[in-house]
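The block underneath contains the structure these notes are about, expressed in structure tokens.
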């Protein structure tokens, strides 16, 4: 056998510098709501907020949930929908556009631009994950999720 028997090679394969293990270590922890709105699950046809399931589009902020956002699909977005979000005054808005990422025309989200509110467009699943991260960091974030 080239390189020696497997028992001689195995320690070399398993030897990984501890410095690299520490550098690339990931920390996992459970995010809890602690009186805030937390996305606890999602699928293509629903989003779960603090274990309550919603099957219509909504806007979620750490301190508030608007479960009657009148958006049926991406093509129904209007300037008024973004004006409603701007009135909530978040630092950044995550627009979950459904199963695939889509970008609204800048005229539609001008209310956000004029109020210096950032807009990030992503598919709804990514918006759910990103919202939880930013919310846990204490950021002023809103997720407008099209379901």
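Bear in mind that the values in this text are calculations on the coordinates, not laboratory data. Model, not experiment: these values are computed from the prediction. Cβ coordinates were reconstructed from backbone atoms using ideal geometry, including for glycine residues, and neighbour counts include every protein chain displayed.
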- Task: Take every DSSP beta bridge with both residues inside region 31-145 and express the antiparallel ones as a percent of the total, to the nearest 5.
- Result: 55 percent
- Item | Normalised alpha carbon radius of gyration of region 31-145 [divisor 2.2 N^0.38 Å] | 0.96
- For a quick protection proxy, order the peptides 97-105, 117-125, 138-146 by their average other-Cβ count within 10 Å, most packed first. 138-146, 117-125, 97-105
- Item | Nitroxide proxy distance, nm - points 7 Å out along Cα→Cβ at residue 64 and residue 87 | 0.9 nm
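Counting only C-alpha contacts under 8 Å and six or more residues apart, can you give the relative contact order of region 31-145 as a whole percent? List each step's numbers first, then the result.
Working: 224 pairs, mean separation 32.9, N = 115.
This gives 29 percent for region 31-145.
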- Task: For each of 69, 46, count neighbouring Cβ atoms within 10 Å of the residue's Cβ, then give the residues from fewest to most.
- Result: 46, 69
- Item | Residues 108, 61, sorted so that the one with the fewest Cβ neighbours within 10 Å comes first | 108, 61
- Task: Kindly give the semi-axes, whole Å and largest first, of the ellipsoid equivalent to region 57-125, taking each as the square root of 5 times a Cα gyration tensor eigenvalue.
- Result: 16, 15, 12
- Treat each spin label as a single point 7 Å out from the Cα along the C-beta direction, and report the residue 48 to residue 99 distance in nm. 2.2 nm
- Note on the structure: Quick note on 79, 131, 42, ordering by fewest other C-beta atoms within 10 Å, gives 79, 42, 131
